[in-house]
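The values are calculated or read from the model by the stated rules, or taken from the named source; none is laboratory data. Owing to the predicted nature of the structure, the values given are computational and were not obtained by experimental measurement. All Cβ positions, even for glycine, are placed from backbone atoms using ideal geometry, and neighbour counts span all protein chains on display.
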Amino acid sequence: MSPDACCAHDHDCDASTCGNASLHAFVDVPAVTAFNAREDDAAPGVIRAWERRHDRTGRALVSEDDGELVIRIPFTTDVKLRGVMVLGGADGRAPREMRAFANRRDIDAMNASRKTPTQKWDLTVDEDGVLEYTTEAASWQATASVTLYFPANFNDDGETEIWYIGLRGEGTGHDRDMVVTAVYESSAQPQDHEVPEENKAAARLGM
């Protein structure tokens, strides 16, 4: 699947699938970070166990100025990420697109729209918490962190609201060397620095 290909949810979740394979135990919850959020410290609260996906006693993660939201989710060990669930707000405030980046610490609200995601999906409003968006397995075998970018909501303007993000997969038991990880994740990615054709032509002509 191309990272530019959008798809609807792949299957419905129940306790035997998403519940038993939750990655919540492998998430470094205190280190979860949001960008362009009204309250940054609300981000860890939306990362909960599958059984608590309908809990509305806490705070939602809400975008600050527009519909864009970025949330970075680090893991305590490398994981194989198999699927993602997202429960958004009512009245059109739920996100309508999700772009996911594997092992990228450089993604934030200032540059997310210009970066090439590992994978992306069109989202469906999921009020019941039963839809999962399945990942392309080969791209998520050794995932130290996942950064999720939500460009807009179903209103196309105003606030984006997220109540729950669930992650399914399995832990590998392999602790990644943090120095190597930092160098890899902050290194330049070729697709982020493509030179426009007109600039290439100008360079050939000595302009």
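Summary of computed values
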{"quantity": "Residues of the range 104-121 satisfying the condition of being buried (at least 19 other Cβ atoms within 10 Å of the Cβ) and assigned to a loop (DSSP other than H, G, I, E, B)", "calculated": "Arg104, Ile107, Pro117, Thr118"}
{"quantity": "Considering residues of the range 140-160 that are outside any loop (DSSP other than H, G, I, E, B) and among the hydroxyl-bearing types (Ser, Thr, Tyr) only, the residue nearest to Leu69 (Cα to Cα)", "calculated": "Tyr149"}
{"quantity": "Answer residue from the range 122-139, given it is of a type outside the set (Asp, Glu) and in a strand (DSSP E or B) and is farthest from Gly169 (Cα to Cα) among those", "calculated": "Leu131"}
{"quantity": "Count - residues of the range 154-170 that are surrounded by 21 or more Cβ atoms within 10 Å (Cβ to Cβ) and either more than 15 Å from the chain's Cα centre (by Cα) or charged (D, E, K, R) (or both)", "calculated": "2"}
{"quantity": "Residue check for Val180: modelled with pLDDT under 95 and not in a loop (DSSP other than H, G, I, E, B)", "calculated": "yes"}
{"quantity": "Tabulated pairs, the range 86-104, first on the phi > 0 side of the Ramachandran plot, second not in a loop (DSSP other than H, G, I, E, B), C-beta under 8 angstrom, 6+ apart or interchain", "calculated": "Gly92/Asn153; Asn103/Thr143; Asn103/Ala144; Asn103/Ser145; Asn103/Thr181; Asn103/Tyr184; Asn103/Glu185"}
{"quantity": "Odd one out for Leu131 among (1) of a type in the set (A, V, I, L, M, F, W, C); (2) in contact with a Pro (Cβ under 6 Å, 6 or more places away or on another chain); (3) at pLDDT below 95", "calculated": "(2)"}
